[in-house]
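Chemist: Structure below; questions to follow.
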Amino acid sequence: MLAVFIGALLFGGVLIAASVLGAGDHPVDGFGAHAADPHAEGAVGHFIALFGIRFWSFATAFFGVTGLLLRLAGAGGGLAGGVGAVVGVAAGLGASSFFRKMTREVVGRVGDAGSLVGRAGKLLLPVSGGQPGKVRLAQPGGASLDLVAASDDAEALAAGADVIVVEVRGHVAVVSRAPT
């Protein structure tokens, strides 16, 4: 039974290490197919997770480490296997749920770029003719949004200058000096 625990720990550990090191950059779950719907909720989402590589890598690694530690502590093979299986399933479901939740979060996305026109901000990096800079815009709720900034003004705008967004071109906020 000790060999089973060591094998499971090595198998799961290698899969987790490969994913941390970027070998599994693509969201693949199931049997080589692209990940199931990351927005799946409840029992259906947990059932889908049972077929994912993420579930199995964490489940086998935690099964192996728990069983190995219990066997080294003197527990019988049946007890170590049972507790290891429960801990492995819990770790696999927990990891699958955690990563599914993390893929659901939207970070750094600007909803409607047109809504930024007319907003005031402060330059973090200077902007001149062809040299882009960076502008920080205040967001509702006290948050801030940093964007690449450009200017069509003839004069350079120094870092710290108060500006207004006059246009958004792709991912670049075109700014002009704010009126005093």
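Chemist: Step through the residues of the range 166-174 one at a time and calculate ³J(HN,Hα) from phi using the Karplus curve (6.51 cos²θ - 1.76 cosθ + 1.60, θ = phi - 60°), rounding each to whole Hz and writing x for Gly and Pro.
Modeler: Values, residue by residue: 9, 6, 10, 10, x, 10, 10, 8, 8 Hz.
Chemist: What is the set of long-range amide H partners of Leu124 at a cut-off below 5 Å, with H atoms built 1.01 Å from backbone N?
Modeler: Under 5 Å from the amide H of Leu124: Lys134, Val135, Arg136, Gly160.
Chemist: Also, I was wondering about something else. Amide H to amide H, which residues 5 or more places from Arg119 or on other chains are under 5 Å from it, using H placed in the peptide plane?
Modeler: Val165
None of the figures in this text is laboratory data; all of them are computed from the coordinates on show. Quantities reported herein were computed from a predicted structural model and do not represent experimental measurements.
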